[in-house]
Amino acid sequence: MSSMLLDLVGQRCSIKNENEEYLTGSAEISCHVVAADEEWIKIAYIDSTGNRMARIERIDAIGSVLIYGEGLLQ
């Protein structure tokens, strides 16, 4: 899965962990993938109080990814 996550850098998406909880920790699920490698993914998002946040998560904890954007079906 890591090669697919590398393609997400710069994309807007929502990511759930294996327990089907959003990695952002809030009801706002939209995040941007800032960086990714073979083991880790870094996301940036705005929390429910309007603060800019970043989170680094191991990719083996990711259960699903929903990608937002144009041109995905081309």
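The values are calculated or read from the model by the stated rules, or taken from the named source; none is laboratory data. It should be emphasised that the depicted structure is a prediction, and the values quoted were computed from it without experimental measurement. Virtual Cβ from ideal backbone geometry, glycine too; neighbours counted across all protein chains shown. SASA here: full protein model, heavy atoms, side chains in, ligands and nucleic acids out. Shrake-Rupley method; radii C 1.70, N 1.55, O 1.52, S 1.80 Å.
Remarks
- Using equal-weight Cα scatterers in the Debye expression, the normalised intensity of the chain in log10 at q = 0.15, 0.19, 0.21, 0.27 Å⁻¹ is -0.45, -0.72, -0.88, -1.38.
- Sulfur and carbon atoms: percent of accessible area, the chain [1.4 Å]: 49 percent
- Considering helices alone, the calculated mean residue ellipticity of the chain at 222 nm is -1500 deg cm²/dmol, with DSSP H runs of length four and up weighted by -39500 (n - 2.57) and normalised per residue.
- Averaged over its residues, the chain has an accessible area of 68 Å² per residue, based on protein heavy atoms and a 1.4 Å probe.
- Mean separation of Cα contacts under 8 Å, 6 or more apart, over the residue count of the chain: relative contact order %: 34 percent
- Estimated FRET transfer efficiency when R0 is 25 angstrom, pair Asp60-Val34 (beta carbons, to 0.05): 0.85
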